[in-house]
Each structure stands twice: as C-alpha cells, then as structure tokens.
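Worksheet: one structure, shown below.
The values are calculated or read from the model by the stated rules, or taken from the named source; none is laboratory data. All of these numbers come straight from a predicted model, not from anything done at the bench. Glycine gets a Cβ as well: all are built from the backbone with ideal geometry, and neighbour counts include every protein chain shown.
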Amino acid sequence: MSVSGESRGRSQQMRTKAKELNEAAERSTDPEERRRLKEKARRLQEQSEQESRMDDRGMDPM
C-alpha cells in the first residue's frame, strides 16, 4: 500500500473511532464521562480532517 493509501486508511480509522466515541457519549448517563468522550471524539475528528487535507495535497504528515 502506498503512503497516500496508508494515510487515507488511518484517517478513516480515526473517523470511525470518533463516531464510536460519540455514540458511547450519547449512551453515557454520567455527564462528565459524556463530556470526556465527546471531547476525545472531537479531537480525533479534527486530526482526521487535518491528515485528509495533507493527503489531498500529497504531503506526508510525518
């Protein structure tokens, strides 16, 4: 797999994990746990978007 393909795969994994964290947050009854999960999901989503943008420009984020 090319570096570009690996970056895309990593970005997709991060988006999937962010979605899972958001779903877990929605199920959580503890407000603090819900906040923590949503924040972690937000950071993962931002990182995924950043890697996608870098990949689109043909740059390796490493």
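Quick notes on this structure:
- Contacts under 7 angstrom Cβ, first residue in region 1-29 being at pLDDT below 85, partner assigned to a helix (DSSP H, G or I) and surrounded by 15 or more Cβ atoms within 10 Å (Cβ to Cβ), 6 or more apart: Ser4/Asp55; Ser7/Glu51; Ser7/Asp55; Arg8/Asp55
- Test: Glu51 is in a helix (DSSP H, G or I) and more than 17 Å from the chain's Cα centre (by Cα): no
- Residue pairs whose Cβ atoms lie under 6 Å apart, sitting 6 or more positions apart in sequence or on different chains, and linking a residue in region 32-57 that is of a type outside the set (Lys, Arg) to a partner that is modelled with pLDDT under 90 and surrounded by 17 or more Cβ atoms within 10 Å (Cβ to Cβ), are Ser48/Ser11; Glu51/Ser7; Glu51/Ser11; Ser52/Ser11; Asp55/Ser7.
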